[in-house]
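What follows is a set of notes on a single structure, which appears directly below.
The values are calculated or read from the model by the stated rules, or taken from the named source; none is laboratory data. Owing to the predicted nature of the structure, the values given are computational and were not obtained by experimental measurement. Quick reminder, even Gly has a Cβ in these numbers, built from the backbone with ideal geometry, and neighbours come from all protein chains shown.
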Amino acid sequence: MTRWENYLASAEKIIGAYQGSLPLHHFLKSFFKEHPYMGGRDRRWISQLVYHYFRLGKWGETLSVKERIITGAFLCETASNDFLAAIRPAWNEQVALPLAGKAALLPVPLNADALFPFLTELSDTIDTNAYAYTILKQPRLFIRVRNNKPEKILQLLDKAGIVYELFPNNTTIALPNGTKIEAIVPEKSWYEVQDASSQRTGELFHPQKQQRWWDCCAASGGKSILLKDQQPGVQLLVSDVRRSILENLQQRFAIAGVKNYEARGADLTADNFAASMGSQQFDGIILDAPCSGSGTWGRTPESITFFKKEEIVKYQQLQQKIARNVAPFVKKGGSLIYITCSVFKQENEEVVKYIETISALRKQEGGVIAGYDKGADTMYAVRLS
């Protein structure tokens with residue numbers, strides 16, 4: 001058996017064993033730990049084949065797993081490579097064709113509904129075909145430049161021979177996946193790893209000095225750092241239900257040089273939550289709500305296979321409960337920034353409508369932040385006042 005046939009067999013074994021109960025990258029890590037004889041090249045190729053398979057969503061379910069792996073490599077790769085050259089030479093010669101040309105060579109018609117079987121659930125402004133087909137390509141790595149260091153970062157990227165794209169705002173840089181940015185730019189205070197669409201949520205903040213802001217589902221703190229970079233003088237409260245997450249957040253804040261903030265654990269779904277907050281009022285609240293994460297499935301394509309449609313309404317109910325508990329703490333004239341990394345209208349527009357029915361807040365600006373045309377995640381962000 002050749003090296004490439006071994007890779008194919010290993011990918012098939014992984015796919016047969018994986019049940020979606022934990023993220024695929026964690027499962028792969030465990031698999032390779034059990035097979036220490038596999039080298040770095042082996043691990044990279046096998047992982048890539050597995051991810052290519054899951055990028056096909058529900059397409060080609062009548063085909064064998066092995067055939068779907070090969071097809072995934074054909075559709076997702078854009079340049080000739082040793083795997084296809086060994087396993088399917090005819091396709092290797094055609095791998096640089098546009099997607100439509102590749103589709104004509106497949107044994108089963110390629111269609112958007114099969115690649116992404118939740119198209120009817122998408123927010124109305126999303127281009128359904130464009131979104132479905134971009135799942136075949138992993139989003140890029142993005143960094144946000146901080147502390148006015150774009151020139152120095154670009155110099156280091158040039159020195160390392162890294163191909164990059166600097167966005168017109170002069171702070172967003174797109175890099176190839178797998179770029180070891182921490183090795184290239186060792187000064188971590190110069191940048192934050194943050195998706196381009198996530199960076200754009202900050203366009204809705206409009207903070208003023210000495211205002212009180214609350215990042216109520218702070219998680220790793222990326223939105224809070226973005227807020228503080230816009231206006232260091234805001235008084236900031238960060239909260240999350242997970243204490244371990246808050247500990248990691250505080251470490252990230254220390255590296256980023258973020259100071260003068262308060263952190264606390266808070267269960268925003270608790271029936272007595274309001275009493276725990278007292279009479280506090282905030283000029284701005286960032287509600288980066290727990291969600292399906294469907295706008296990031298280009299990075300975790302296994303989710304397309306294992307996600308159940310009925311889960312959408314469960315997330316919606318959770319988002320509504322959190323919004324109901326949080327909205328009363330927006331000061332009159334203040335703003336609630338509602339954010340998800342979902343592409344589903346039930347988690348996006350419908351929750352915003354709900355917020356408008358249970359409060360005096362009204363949508364002022366925002367909507368879908370399309371990343372599928374930029375190699376980025378797709379998000380939803382709205383400012384209500």
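What about A360, is it in a loop (DSSP other than H, G, I, E, B) and hydrophobic (A, V, I, L, M, F, W, C)?
Considered against the rule, which asks whether it is in a loop (DSSP other than H, G, I, E, B) and hydrophobic (A, V, I, L, M, F, W, C), A360 comes out as yes.
Considering the stretch 96-137, and only residues there that are buried (at least 19 other Cβ atoms within 10 Å of the Cβ) and among the polar types (S, T, N, Q), the residue that is nearest to E311 (Cα to Cα) turns out to be S123. Residues that are out of contact with any Phe, Trp or Tyr (no Cβ under 9 Å at 6 or more places or on another chain) and hydroxyl-bearing (S, T, Y) were ranked within the stretch 347-385; the one that is farthest from I286 (Cα to Cα) is T357.
Which members of the stretch 134-178 meet the condition of being free of Cβ contacts under 8 Å to residues at least 40 places away in the same chain, among the charged types (D, E, K, R) and closer than 16 Å to A196 by Cβ? Selection gives E165 alone. Confirm whether V313 is more than 24 Å from V193 (Cβ to Cβ), of a type in the set (A, V, I, L, M, F, W, C) and either surrounded by 20 or more Cβ atoms within 10 Å (Cβ to Cβ) or touching a residue at least 24 places away in the same chain (Cβ under 8 Å) (or both). Yes.
For the stretch 310-323, state whether one or more residues are assigned by TED's automatic domain parsing to the domain that holds V238 and closer than 14 Å to W214 by Cβ. Looking through the stretch 310-323, at least one residue is assigned by TED's automatic domain parsing to the domain that holds V238 and closer than 14 Å to W214 by Cβ. Within the stretch 17-46, the set of residues being polar (S, T, N, Q) and outside any helix (DSSP H, G or I) comprises Q19, S21. So which residues in the stretch 340-357 are surrounded by fewer than 24 Cβ atoms within 10 Å (Cβ to Cβ) and either part of a strand (DSSP E or B) or modelled with pLDDT under 95 (or both), if there are any at all? The answer is none; no residue qualifies.
Out of curiosity, is I126 aliphatic (A, V, I, L, M) and part of a helix (DSSP H, G or I)? No, not satisfied.
In the set (1) assigned to a helix (DSSP H, G or I); (2) over 20 Å from the mean Cα position of the chain (by Cα), the condition left unmet by Y315 is number (2).
Restricting the search to helices (runs of 4 or more DSSP H) fully inside the stretch 205-295 and requiring at least 2 residues that are at pLDDT 95 or above and surrounded by 17 or more Cβ atoms within 10 Å (Cβ to Cβ) gives 222-230.
Within the stretch 244-255, identify whether any single residue is among the charged types (D, E, K, R) and without any contact (Cβ under 8 Å) to a residue 12 or more places away in the chain, and answer yes or no. So far as the stretch 244-255 goes, yes, one or more of its residues are among the charged types (D, E, K, R) and without any contact (Cβ under 8 Å) to a residue 12 or more places away in the chain. Given the condition without any contact (Cβ under 8 Å) to a residue 12 or more places away in the chain and either surrounded by fewer than 17 Cβ atoms within 10 Å (Cβ to Cβ) or not assigned by TED's automatic domain parsing to the domain that holds A9 (or both), answer yes or no: does some residue in the stretch 71-82 qualify? There is no residue in the stretch 71-82 that is without any contact (Cβ under 8 Å) to a residue 12 or more places away in the chain and either surrounded by fewer than 17 Cβ atoms within 10 Å (Cβ to Cβ) or not assigned by TED's automatic domain parsing to the domain that holds A9 (or both).
Could you grab me the full set of residues in the stretch 100-153 that are more than 21 Å from the chain's Cα centre (by Cα) and closer than 23 Å to L175 by Cα? The answer is N147, N148, K149, P150, E151, K152, I153. The selection criterion, being exposed (fewer than 15 other Cβ atoms within 10 Å of the Cβ), assigned to a strand (DSSP E or B) and either in contact (Cβ under 8 Å) with a residue 12 or more places away in the chain or among the aromatic types (F, W, Y) (or both), holds for E365.
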